[in-house]
1. Applying the selection to the range B:298-315, what residues are of a type outside the set (G, A, S) and within 7 Å of chain A (Cβ to nearest Cβ)?
2. Being in a loop (DSSP other than H, G, I, E, B), farther than 30 Å from B:N267 by Cα and of a type in the set (D, E, K, R) narrows it down to one of B:K205, B:K188, so name that one.
3. Kindly provide the set of residues from the range A:58-79 that are within 11 Å of chain B (Cβ to nearest Cβ) and hydrophobic (A, V, I, L, M, F, W, C), ordered by number.
4. For the subset of the range A:171-186 comprising residues that are surrounded by fewer than 18 Cβ atoms within 10 Å (Cβ to Cβ) and free of Cβ contacts under 8 Å to residues at least 60 places away in the same chain, which member is farthest from the chain's Cα centre (by Cα)?
5. Take the residues in the range B:214-252 that are free of Cβ contacts under 8 Å to residues at least 24 places away in the same chain and charged (D, E, K, R); name whichever of them is surrounded by the most Cβ atoms within 10 Å (Cβ to Cβ).
6. In the range A:80-88, is there at least one residue being more than 10 Å from chain B (Cβ to nearest Cβ), outside any loop (DSSP other than H, G, I, E, B) and touching a His at 6+ places or on another chain (Cβ under 7 Å)?
7. Taking B:V158 as the residue in question, decide whether it is in contact with a strand residue (DSSP E or B) (Cβ under 6 Å, 6 or more places away or on another chain), within 12 Å of chain A (Cβ to nearest Cβ), buried (at least 18 other Cβ atoms within 10 Å of the Cβ) and at pLDDT 95 or above.
8. So, in the range B:366-383, how many residues would count as being surrounded by 16 or more Cβ atoms within 10 Å (Cβ to Cβ) and not hydroxyl-bearing (S, T, Y)?
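The values are calculated or read from the model by the stated rules, or taken from the named source; none is laboratory data. Not measured: the values here are computed from a predicted model. We place every Cβ from the backbone using ideal geometry, glycine too, and count neighbours over all the protein chains shown.
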Amino acid sequence: MSALKIKKGSTSHSAYNLRPTFSDAIERHTLAVLVENEPGVLARVIGLFSGRGYNIDSLTVAEVDHTGHLSRITIVTSGTPQVIEQIKAQLGRIVSVHEVHDLTVEGPSVERELAMFKVAGQGDKRVEALRLADIFRANVVDSTLESFTFEITGNPEKIDAFAELMRPLGLIEVARTGVAALPRGET
Amino acid sequence: MARQMTGAKMVVQALIDQGVDTVFGYPGGAVLPIYDEVFQQNAIRHILVRHEQGAVHAAEGYARATGKPGVVLVTSGPGATNAVTGLTDALMDSIPIIVLTGQVPTFMIGSDAFQEADTVGITRPCTKHNWLVKETDRLSGVIHEAFHVATNGRPGPVLVDIPKDVQFAQGTYCGPKPSASHYQPQLKGDMETIKELVAAIENAKRPIFYTGGGVINSGPGASQLLRELVEATGFPITSTLMGLGAYPASGDKWLGMLGMHGLYEANMAMHDCDLMINIGARFDDRITGRIDAFSPKSKKAHIDIDPSSINKVIKTDLPIIGDVGHVLEDLLKVWKSRGRKTNVDAVRKWWGQIHDWRKVDCLKFKQEGRTIKPQYALERLEALTKDHDRYICTEVGQHQMWAAQYLGFDDPNRWMTSGGLGTMGYGFPASIGVQMGHPDALVINVAGEASWLMNMQEMGTAVQFRLPVKQFILNNERLGMVRQWQELLHGERYSHSWSEALPDFVKLAEAFGAKGILCGDPETLDDAIMEMISHDGPVIFDCLVEKHENCFPMIPSGKAHNEMLLGEAETQGVIDAKGSVLV
């Protein structure tokens, strides 16, 4: 998956000690960043990306440990292996950041995104939209005589595919949450 | 030792508990309660500056010269925004400072109140970390954490923003507990990589140590270990602008500074080496020149406490993340236990090559006629002050590079200069901070007249606090470095790069109640410098120098280390279109 031959189970610390070959290939990585949930912490992370010219493809954040006041930020980013290494190192030096994990290289992981689609139409198009939604296991969460609002969960590719299919059937509005991800397995 | 007290008192108590003896600051509406507490105690000396930027640079100078963190106290709004340049300077040069700012009361935040600014928002990218404290009970803990963050890991500036109602309110004070912080950077390097580096040291034919400010920041012990390693291996050593003094300039393994205005032998050795050992430096663009032609034949080791420095610019073969002192200690231990081996014959041959490069004598200049050459002024300053307990600050520009080239530093923490940010106006307030840390030392700020004018208001501070700082101004009535670049790559069109309407510096000094000295004659220069040294008080020394002297050697933008310009020869057109977009 990656140009970096990183052993399965590497931690954020060992990742620093790797010796990447500088390649020009753009890679997509999913990073899980555990941060102290304090005012301004999201601004620190986003400011790092904008200030240093890195890409954010998607970003989600919410408090995941209410007693420890820890939030989990899941960032999907893209760049050359050198840039990805820099992003992880730069995130790691933010004082409010506790842990940085590169789910793309630390072993298999599962990614999910939630999206809502409003599709307006009548007759065959309306039936076809409902039929496709069933195939994609999307739920109808709101409906009128001339529209459906679907809720769908899946990896980003599945949601992209569903959006493509809905477009000719009267897609008028989309809301996506961005990716949440966890490593597979027990740890 | 939990105690009840007001937030304002907590600030002073926390500073005392952190061992702070000096604070640089400027009062204003939002910090009045803290200033009231400062008034009622004698443990901490407050130095009233004349501009908040001066306070931050003074704190930086104090920190660089003493190894202790510098502390700044300023008000909200303009007080905080004026501190931004100093914060950025300290961030770029990894200087530990703690800036305490007042803020409008919590219930007025967000209402565009008088002297309100989003201080933590503005300073987020120019601090290592910052805090807005909204509860008095949290204040002491945050201030102690601020000291911990500023001084541990890669040092840097931090800021604590304290609303006025938090200063007035009562709360519980807690003493320092460093272990309470989750911020605990890794100090020890990876032993396997250290062993690989030892093996590389044993086999290297053309090795070089390339050291930086990280050695100084790691403390005097790190400089001591570096000296031991250099002497024991016999390898040549060069340093960045920030690292001068870690290895003594009088040492026989010293090649001089490297980089854009570094010495010929240092840059050539960097280009041709087969093992480069980077200790606490960060492959800055002033050092590397053209990246794809940077030291093409070498294996590169990089010791740095900041993981993000590794592979940021230059690909490293042996990265070691850790504190310079800790890593050097382990490195020496392993190297000694394996029999202190080096490739003696090859290294001797390498030194032969270096001696040949040295014969170029890249710093030679001719002092002729009745005009003082800036290099000559610094050569005489060096000769007449080197035996003193001396600290040197600089502003930014040609004079800064000449000072780095012609002055010698035999100890760390003796050289205070704005390296990363290149802040004109840094040197004068920094010299005030240095003098506060070392009241009996000879503190000289080597300046250009344009840089010096940027913070000249601090003359009031120097005179008020009887700080005998010597302002040695190389006055060429030009923005010399700008003029040099315009000559080299803008067809000698000198757009706005001269200083008109300059003050009479002697009268200026006298107007502030200080001493002014004017010298424009090489014959009387020595006497004038001696007069400056012997005067017990601040001095402005207006040294009139050659107006069109260029700073050489120079690696032009976009060129490699072995493509240096050595002198006034053909300099037109040496920077191509690709190079001219670089700064």
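1. Start the filter on the range B:298-315 by keeping residues that are of a type outside the set (G, A, S), which leaves B:299-300, B:302-307, B:310-315.
Result: B:D306, B:P307, B:I310, B:N311, B:K312, B:K315.
2. Details: B:K205 fails: farther than 30 Å from B:N267 by Cα.
Unique residue meeting the criteria: B:K188.
3. So in the range A:58-79, the residues within 11 Å of chain B (Cβ to nearest Cβ) come out as A:68, A:70.
If the condition is that a residue be within 11 Å of chain B (Cβ to nearest Cβ) and hydrophobic (A, V, I, L, M, F, W, C), then A:L70 is the only one that fits.
4. Among those that are surrounded by fewer than 18 Cβ atoms within 10 Å (Cβ to Cβ) and free of Cβ contacts under 8 Å to residues at least 60 places away in the same chain, it is A:I172.
5. Restricting attention to the range B:214-252, the residues satisfying the condition of being free of Cβ contacts under 8 Å to residues at least 24 places away in the same chain are B:224, B:230-231, B:252.
Still in the running and charged (D, E, K, R): B:231, B:252.
Numbers: B:E231: 13, B:D252: 10.
Per the criteria, the residue is B:E231.
6. yes
7. Details: in contact with a strand residue (DSSP E or B) (Cβ under 6 Å, 6 or more places away or on another chain): yes; within 12 Å of chain A (Cβ to nearest Cβ): yes; buried (at least 18 other Cβ atoms within 10 Å of the Cβ): yes; at pLDDT 95 or above: yes.
The answer is yes for B:V158.
8. Filtering the range B:366-383 down to residues surrounded by 16 or more Cβ atoms within 10 Å (Cβ to Cβ) leaves B:372-382.
Next, only the ones that are not hydroxyl-bearing (S, T, Y) stay: B:372-375, B:377-382.
Selection size over the range B:366-383: 10.
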